[in-house]
Every structure is written in C-alpha cells, then in structure tokens.
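Readers should treat all values here as calculations from the given coordinates under stated rules, not as data from a laboratory. Quick caveat: nothing in here was measured; it's all calculated off a predicted structure. Because the Cβ atoms are built from the backbone with ideal geometry, glycine has one as well, and the counts that use them run over all protein chains shown.
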Amino acid sequence: MKRFLALAFVAVLCAAPTCGTSGGSDGDYTNQLEFGQGLDNTGYDLVAKGGSQPTGTIWFRLEHANARGDRFVRLYVNYPGSGGSGQPPIPYGQHDFTPGAPGDHIMLSSFRVTDPGTYEVAAYLVEEVVDIGEETLVIKAPLTVTEP
C-alpha cells in the first residue's frame, strides 16, 4: 500500500504542473504570492501560511496568470520604503529559480532570510535575451521576518 501511495504521489507530481494549462493566460490562474514555513504532505500547498515568518528558510507559492514558458522566476527581497523619490529600492537579496515545464503557472520553492525585519518581495518572470534578462513583474507582497 505504501508503495502504491508513493507511486501515485510521483505520478501526480509529474502530471499536475501541466494539467489544464495552455501557453497563455486562461483565466484559471491569478497572480498570487504566499509565504509559509514548509510544504504539506501533498507537496502542493504551504503550511503555516502568512505574511509573517520566522528567520531562516521561507517557502513561497507563486501563481502567475500567464504560463511561464521558458522564463525563469526571479525574486527580489527589498527593504520597503527604500527607493523613494525615484531611487531604486535597497536590496536584501535576489533569488533565481530555474524554469519548469512550459505550461506551468505555479512554483513552490524556498529562499533564506536571516535578518528580522519588514521586506517587500517582488516576483518576476524573466526571459533571457542575449545574456540580458527581460523582466516582467508578476506581483509584489509584504513579508515580515521575526525571530523564531
């Protein structure tokens, strides 16, 4: 029975990212960014979701209305309130994640923040164009990081 469940789980992992997706926006997906402390036992949802997370590894779920294609995901973690008067925001970190299947609309992964504080996380889809990445903003979301 355990072997059957393990095989079924692997089959779902392989099939789910491409189920019901098309090459473009299909109305079933919206731009969302959620944070959590890990993945549930299905591997498709976050546990302890919320905009406030303890320092360390922070899991995220990014859903985007348009399929990723061959674009990769880039997260900028910035100090909020910086970049006023047309100045760029002060970065805390940048995290790049490799592309999935061309029809994917959802990415689950993690990054680390070791300093407590309030941040703004901006998620982009990036297409490589001759060694330069053309970024398309998906969504921005606040994140508060606290001591565990």
- Check each of the trypsin sites (Lys or Arg not before Pro) in the range 43-114 and keep only those in coil by DSSP with at most 15 other C-beta atoms within 10 angstrom; list them in order. Lys49
- Note on the structure: Counting only residues 5 or more apart in sequence or on a different chain, those whose built amide H sits under 5 Å from that of Val138 are Ala123, Tyr124, Leu125
- Shape call for the range 41-148 from the C-alpha gyration tensor, a ≥ b ≥ c root eigenvalues: rounded (a/c under 1.5), prolate (a/b greater than b/c) or oblate? oblate
- In whole Hz, the Karplus estimates of ³J(HN,Hα) for the range 71-79 (6.51, -1.76, 1.60; θ = phi - 60°; x where Gly or Pro) are 7, 9, 9, 10, 10, 9, 9, 10, 6
